[in-house]
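Take a look at the structure below.
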Amino acid sequence: MSFWTRRKAIDTITAGHADSHQLKKTLSWPHLVALGVGAIVGTGIYTLTGVGAGLAGPGVILSFLIAGAVCACAALCYAELSTMIPASGSAYTYSYAAMGEPVAWFVGWSLILEYTLVCAAVAVGWSAHAHGLFKMIGFPDALLAGPHQGGLINMPAVFISMAVAGLLALGTRESATVNMVLVFVKIIALIVFVVLCLPAFNIAHFTPFMPNGFQAHVPEGAAADAAKIGVMAAASLIFFAFYGFDAVSTAAEETKNPKRDLTIGIVGSMAVCTAIYMIVAAVSIGASRTEVFSKSEAPLVFILESLNHGKIAQLVALAAVIALPTVILAFMYGQSRIFFVMARDGLLPRALSKVNAKTGTPVMMTLLTGVLSAVISGLLSLKDIAELANAGTLWAFIAVGASVILLRLREPNRPRVFSTPLWPIVAPAGILGCLYLFLSLPGKTQLYFLYAHLIGAVVYLAYGMRKSVLAQQERA
């Protein structure tokens, strides 16, 4: 039963690896901020604003605030751990050092669930904006929607998943440079949206502010397993729109100056994106009633069209088509690195941790991530994917908060380049906030999450527990 106590020493984690299993250092802080903004500002603001408004009404503003506050606590914890342990793996790696191998495995499994599903969810959101272009090319309706919408498969979502995987396989710096350009396009589109909608702002649209109440609850008279409504129900979904800064921490091993640049990347991207979200959400509600635009899969485009800005609306839709792949790129990058590090640790087959000598990237893991994302996005709906992705992220964030507390108590004198301010308050607040959001998710989503982790337990007991590098060292 010694596997319960297996932990990786922090000094061992940061010592480096053989060249064939070592990622190249090619990134600086502008790449990291762009990676974070590219991951955070995407499907959440372009599509989930409408879904959240349907659950909470104008109170969706409060939902954004709550989700942002929880993520801010987690971001501060990530900043401390990523600069103290500048290695790939994010929450998985931190958990391995703080809580041991079994916990690290389940955190890694949660991250795999999170990142793969985020890629799939954004691919579905991208498809909603690119629908017209594919129809113009001549794609039949059956290939433009998944089974939940009466089609066969969502081919635009499949296409963008594989296209991004191909770009990532070419190299990290090349992908990051393309990402910076596309993030700029995305921000410009949102600024145009705000400027055009402000003249139509109507404060009356904010009344009643919380038509469905604050707590997450099933509507009166609905079936017990019906979707929950309320401000907290929207917050548990909109939470999907905020995370992305954790993808920055997966780049630690490829960052030239991680002790400085990771803090800037994580905290900076969160601050920028929180401001963007609050402004865009407020302007959206002021320009159109929530019960109207919440029915659209592309709410920002719908609002502009309703204000007779048809041509600009199409340009914003085009900007989304061009720029939403930055979210897929950021999370697919993070997913491939989580896979890579778990394979390097022996919890997955070590052959999967091979780095391409020319590009310095784990090509096999990147393409595998693309295939998984393509299959899920081609067949499932945005709402179901986003909620299940949130469940995985919430548990990863809980693990990061717990890791900060445990390492503060166990190794109080270890140098910390960035220290979480008021850590005895911030870390527990992040943990409790994540638990509350998890309980606000639909019961069906919680059940699917349990099923996914039962599968994960079987994989660990059958393979990882015996094949991990630490297990082999114990036997030796």
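The values are calculated or read from the model by the stated rules, or taken from the named source; none is laboratory data. Because the structure is predicted, anything quoted here is derived from the model rather than measured. Because the Cβ atoms are built from the backbone with ideal geometry, glycine has one as well, and the counts that use them run over all protein chains shown. All accessible areas refer to the heavy atoms of the entire protein, side chains included, with ligands and DNA or RNA removed. Shrake-Rupley method; radii C 1.70, N 1.55, O 1.52, S 1.80 Å.
When you check Ser90 against the structure, is it at pLDDT below 85, closer than 28 Å to Glu411 by Cβ and small (Gly, Ala, Ser), yes or no?
Criteria met by Ser90.
Quick grid of which residues meet (1) of a type in the set (Gly, Ala, Ser); (2) open to solvent by less than 10 Å² (accessible area, probe 1.4 Å); (3) closer than 23 Å to Ala271 by Cα:
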position: Gly59; (1), (2), (3): yes, yes, yes
position: Ile66; (1), (2), (3): no, no, yes
position: Ala75; (1), (2), (3): yes, yes, yes
position: Gly100; (1), (2), (3): yes, yes, no
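In the range 254-266, how many residues are touching a Gly at 6+ places or on another chain (Cβ under 9 Å) and either open to solvent by 10 Å² or more (accessible area, probe 1.4 Å) or closer than 25 Å to Ala189 by Cβ (or both)?
2
Go through the residues of the range 155-172 one by one and say whether even a single one is open to solvent by 60 Å² or more (accessible area, probe 1.4 Å) and of a type in the set (Gly, Ala, Ser).
The answer is no; no qualifying residue exists.
Starting from the range 450-476, take each residue that is part of a helix (DSSP H, G or I) and list its partners that are of a type in the set (D, E, K, R) and open to solvent by less than 80 Å² (accessible area, probe 1.4 Å), counting only C-beta distances under 6 angstrom and pairs at least six apart or across chains.
Val469/Asp345; Leu470/Arg6
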